[in-house]
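To keep things clear, I will list the structure first and then write my remarks on it.
The values are calculated or read from the model by the stated rules, or taken from the named source; none is laboratory data. The structure displayed is predicted, hence computed values, not measured ones. Neighbour counts are summed over all protein chains in view; Cβ atoms, including those assigned to glycine, are modelled from backbone coordinates with ideal geometry.
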Amino acid sequence: MGLYYAINSNTRVIGTIMDFGVSRFSFKDISTDINTYKIYPRFILANRIFLLIVIMPFAYCLLKILANQKIKEGLLIIAGTLVFEILYNFWTNTLTARGIYVRIVKGAAIYLGSILFVLFILPLSFQLFSFLYLIAALVTVIYLISPDIEIAYLKDWARSWLTLRLPFMECLQIMYINLMTIIWLKMPVIVLSTLSTTEEIGYFSSAYTIVSALLLVPSSFSIPLLNRLAHNLLDQKALYQKYFQLILLFLTMGVLAGSLIFSAPRFIIETLYGDNFSKASVMLQCLSLLLLFSFPNYFSSNFFIITGFTKYLAKIKTVNVLIYLCLSYYLAFKYSIYGLMLSVILCEGVQFILYNFFVWKKRNEL
């Protein structure tokens, strides 16, 4: 399955670029004014489908060069991943902004249920998995989109392939922020790959994956909270006051999650990965400190987008990624993997300070 992970990971980066920040912008746009939703199924959806059609010939040529033996399966994986990146993420953001959470949960259940059901009753193979991955992605997206589509829209689709109908610069800034986030998440493994052994990379990746996966917690809470905040953007004082109240909430959540992991890292590692990964428990214990900042930072970055501060968020992300790049290489070279973990925690802390200093400054300017 190594080919799957390689193709999937690289395709997600391409998908982020092709998405052009529209998915996250749609959440902000519809949350602040529900009437803007009308253009999304009528015009923007055609633009998304057009992107999928255009990119596939390029994907075929790339696979022909890089993975000649697995072209068919590779194309299925690329197509499935792009369906998620360009259509699924886009439409779940529009549904979330409208408060339609039940359909999103049912869609996720359809995807996971169909994959797991078939894989449990049929012998696992890469060819089967790649085929199921695409079919499950398409079925899930059709289920999510179909209630919002009318036959009359097909006429608009025919003339809307190349029209964005959204603010170009703001979408570009959001795309850039998404790319900076991907670089941020991949940085530790990239640094380790040049300075450490394969064994250490494996141990670190297992611990880092657990900590990264826990961002689903602030994601689940922040989306409905931000949706409510978006309706009160005119009262700036109340908005900033609510922001700092919610930051305390996410800080508390981060402390609780970090404390749970810090108290039982060995049990968590061995339960998820087995006894062979027990050495990763020390790394997981260290990385549990990261949750103190990553939980509120996740909320803050989305708050900046919903309130129209994307330009400032892009600047903060750029500065922090540059600091992260220099500090991680320096500390990893000097103190090995523990220096790298220290740089991850320090840079997440710096990001937390920059976010909240900016909001504090904006509040005091009122």
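Consider the range 90-108 and keep the residues that are part of a helix (DSSP H, G or I) and free of Cβ contacts under 8 Å to residues at least 40 places away in the same chain. The one that is surrounded by the most Cβ atoms within 10 Å (Cβ to Cβ) is 107.
Within the span defined as the range 210-221, one or more residues are more than 23 Å from residue 23 (Cβ to Cβ) and either assigned to a helix (DSSP H, G or I) or hydroxyl-bearing (Ser, Thr, Tyr) (or both). Of the residues making up the range 1-47, those that are touching a Leu at 6+ places or on another chain (Cβ under 9 Å), under 21 Å from residue 176 (Cα atoms) and at pLDDT 75 or above are 21, 22, 25, 26, 27, 28, 29.
Taken as a whole, the range 86-109 holds no residue that is assigned by TED's automatic domain parsing to the domain that holds residue 136, within 20 Å of the chain's Cα centre (by Cα) and at pLDDT below 70.
Going by the structure shown, is residue 262 at pLDDT 90 or above, touching an Asp or Glu at 6+ places or on another chain (Cβ under 6 Å), closer than 19 Å to residue 210 by Cα and assigned to a helix (DSSP H, G or I)? Spelling it out, it is not the case that residue 262 is at pLDDT 90 or above, touching an Asp or Glu at 6+ places or on another chain (Cβ under 6 Å), closer than 19 Å to residue 210 by Cα and assigned to a helix (DSSP H, G or I).
If you go through the range 288-333 and keep only what is in contact with a Cys (Cβ under 7 Å, 6 or more places away or on another chain) and within 18 Å of residue 176 (Cβ to Cβ), you end up with 320, 323, 324.
Evaluate the following for residue 240: is it touching a Lys or Arg at 6+ places or on another chain (Cβ under 6 Å) and either within 29 Å of residue 334 (Cβ to Cβ) or not assigned by TED's automatic domain parsing to the domain that holds residue 327 (or both)? Break it down stepwise before answering.
Values: touching a Lys or Arg at 6+ places or on another chain (Cβ under 6 Å): yes; either within 29 Å of residue 334 (Cβ to Cβ) or not assigned by TED's automatic domain parsing to the domain that holds residue 327 (or both): no.
So residue 240 fails the test.
From the list 258, 254, 274, the one residue that fits, being in the same structural domain as residue 297 (by TED's automatic domain parsing) and over 27 Å from the mean Cα position of the chain (by Cα), is 274. Check 325, 346 and return the single one that is at pLDDT 90 or above, in a helix (DSSP H, G or I) and touching a helix residue (DSSP H, G or I) at 6+ places or on another chain (Cβ under 8 Å). That would be 346, the only listed residue that is at pLDDT 90 or above, in a helix (DSSP H, G or I) and touching a helix residue (DSSP H, G or I) at 6+ places or on another chain (Cβ under 8 Å). Selection of the range 282-339 for residues being among the polar types (S, T, N, Q) and more than 30 Å from residue 169 (Cα to Cα) yields 285, 288, 328, 336. Restricting the range 222-259 to residues that are free of Cβ contacts under 8 Å to residues at least 60 places away in the same chain and outside any helix (DSSP H, G or I), the residue that is farthest from residue 30 (Cα to Cα) is 235. Inside the range 245-276, residues that are over 22 Å from residue 353 (Cα atoms) and surrounded by fewer than 19 Cβ atoms within 10 Å (Cβ to Cβ) make up a count of 13.
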